[in-house]
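Working notes, structure below.
The values are calculated or read from the model by the stated rules, or taken from the named source; none is laboratory data. Model, not experiment: these values are computed from the prediction. Because the Cβ atoms are built from the backbone with ideal geometry, glycine has one as well, and the counts that use them run over all protein chains shown. Remember, those area values only see protein heavy atoms, side chains included, never the ligands or the DNA or RNA. Shrake-Rupley method; radii C 1.70, N 1.55, O 1.52, S 1.80 Å.
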Amino acid sequence: MRVLGIETSCDETGVAVYDTHRGLLAHCLHSQIHLHAQYGGVVPELASRDHIRRLPRLIAQVLVDAGLESAEIDAIAYTAGPGLAGALLVGASVARSMAFALGVPAVPVHHLEGHLLSPLLGEGSLAFPFVALLVSGGHTQIMDVRAVGDYRLLGETVDDAAGEAFDKVAKLLGLPYPGGPQLARLAEAGQAGRFSLPRPMKNSGDLNFSFSGLKTAVMTARTRVLEAENGLADLAAEFQEAVVDVLVSKVSAAMAGHPGVNLVVAGGVGANRRLRFKLDRRAVKAGFRVFYPPLELCTDNGAMIALAGALRLQKGLAINDGLEVRVSPRWDLEAAGCA
Ligand code: KG4
Ligand code: ZN
């Protein structure tokens, strides 16, 4: 079965073809970073219009790259939420119209389900059940993943997401959009511990997170830091260390409660090198394995949506809601599972 996947939930237009026998056949991505950079963040209306402009060409391109005619596609999966309403509607309308024209099923996919299944696109032998740390710009969650479609939330952020904290702190430090990766790069030139920042909720006794206080702590430290030599990089390093510390500590607690299973790390912040280093080190000590998606598939892409759509179809979990084009800008992953 060959599934075309379409991702348009935010500022990346992603299209891919996944084959259940041969794996990922092709994927194309257009990032809108330059479009939004001058505004310091994503402008929803500009995002929607750009998805409209890019999608037809990306779909044509991915079919050429995969060596397929559109008639050889067996289903079309698309991100139905969560995300920006207008941006989601573009992908949903294109996917459902194309599916109708080709006479194949259209499969709505939860964006985070795409992220948490994405390590299956990489090397290695990831098996269910596993624990997943989802760390993106919009979400920070630890999930108990029992099977495709069977997800239990173990903990999540009570305020900002980890990626959102990276982006906001980057802005505070005067770094250009998109701030997360820039802040991570700056942190590599700095030394953690010179300025001390809190580790919010590290000892809260549950698996929840809070990152908004860190942003305030950085704001308070900023003036002091600017006077110090290499201060900005040292503060960036301490901020990164604080986020990574808390993530690793909560994940360790989750793993201790799920002996014998492995860990999946997905979402944009999963690309963070310090987080990977510390999680890998902890995994060796605690005796579990960590699976990441291929680096280029950590951030938003069409491949993870095609994969999730294919797995849902195989399990008979695809929702058939007729010709209606519906999206869910706010959507709970546990409810989306339905297994
Ligand atoms: O998964 P993603 O592409 O989009 C969402 O679904 O949100 O994640 C984007 C987030 C942004 O907040 C970005 O700043 C963050 O991931 N990010 C990083 C790194 N690369 C991307 N944060 C920290 N370190 C990185 N290397
Ligand atoms: Zn994402």
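Past 24 Å, Cα to Cα, is the threshold; run Lys285/Lys315; Lys171/Lys285; Lys215/Lys278 against it and keep the listed order.
Over 24 Å apart, Cα to Cα: Lys285/Lys315; Lys171/Lys285.
Taking 8 Å as the Cα distance limit and 6 or more residues as the minimum spacing, I'd like the relative contact order of the stretch 153-208 as a percentage.
39 percent
Find the relative contact order for the chain and round it to a whole percent, using C-alpha pairs within less than 8 Å whose residues are 6+ positions apart.
Relative contact order of the chain: 25 percent.
Which three semi-axes in whole Å describe the equivalent ellipsoid of the stretch 165-253, each the square root of 5 times a Cα gyration tensor eigenvalue, listed largest first?
With the √(5λ) rule applied to the stretch 165-253, the semi-axes are 22, 13, 12 Å.
Which helices of the chain meet both criteria: a Cα extent of 24 Å or more along the helical axis and a mean Kyte-Doolittle score no lower than -0.5, with helices taken as whole DSSP H segments?
On the way: long enough: 44-66 (31 Å, -0.05); 85-102 (25 Å, 1.58); 212-227 (25 Å, 0.11); 231-256 (37 Å, 1.01).
Helix filter hits for the chain: 44-66, 85-102, 212-227, 231-256.
Can you pull the Rg over Rh of the stretch 1-152, Cα-only, Kirkwood?
0.97
Give me the aspartates and glutamates in straight-line cross-link reach of Lys250: C-alpha distance below 19 Å, same-chain residues under 8 apart excluded.
Cross-link targets: Asp144, Glu156, Asp159, Asp160, Glu164, Asp206, Glu238, Glu241, Asp280.
Using a 1.4 Å probe, how large is the accessible area of Asp206, given in Å² and rounded to the nearest 10?
My reading of the accessible area for Asp206 is about 60 Å².
From the C-alpha coordinates alone, can you work out the Kirkwood hydrodynamic radius of the stretch 127-292, in Å?
Averaging 1/r across every pair of different Cα atoms and inverting gives 16.0 Å.
Tell me, what is the percent relative contact order of the stretch 127-292, built from C-alpha pairs under 8 Å that lie six or more residues apart? All intermediate terms of the calculation are to be shown ahead of the outcome.
Numbers: 312 pairs, mean separation 44.7, N = 166.
Answer for the stretch 127-292 is 27 percent.
Kindly provide log₁₀ I(q)/I(0) values, in the same order as q = 0.13 Å⁻¹, from the Debye equation applied to equal alpha-carbon scatterers of the chain.
Evaluating at q = 0.13 Å⁻¹ gives log10 I(q)/I(0) of -0.96.
I need two numbers for the stretch 246-339: Rg to one decimal and Dmax as a whole number, Cα atoms only, in Å.
16.5, 52
Over 15 Å, how big is the tail of the calculated P(r) for the stretch 197-246, in percent of all Cα pairs?
46 percent
Out of the total accessible area of the chain (probe 1.4 Å, heavy atoms of protein only), what percent is carbon and sulfur? Could the numbers behind the result be given before it?
Numbers: 7420 of 14250 Å².
Carbon plus sulfur share of accessible area: 52 percent.
Per residue, how large is the accessible surface of the chain? Use a 1.4 angstrom probe and give square angstrom. Please report the intermediate quantities before stating the final value.
Numbers: 14250 Å² over 339 residues.
Solvent-accessible surface per residue comes out at 42 Å².
Treating only the Cβ atoms of Lys and Arg (+1) and Asp and Glu (-1) as charged, compute the dipole magnitude of the stretch 181-279 about its Cα centre; round to the nearest 20 debye.
Its charge dipole is roughly 160 debye.
For the stretch 184-245 and the stretch 28-92, what is the separation of their C-alpha centers, rounded to whole Å?
Each part's Cα centre sits 35 Å from the other's.
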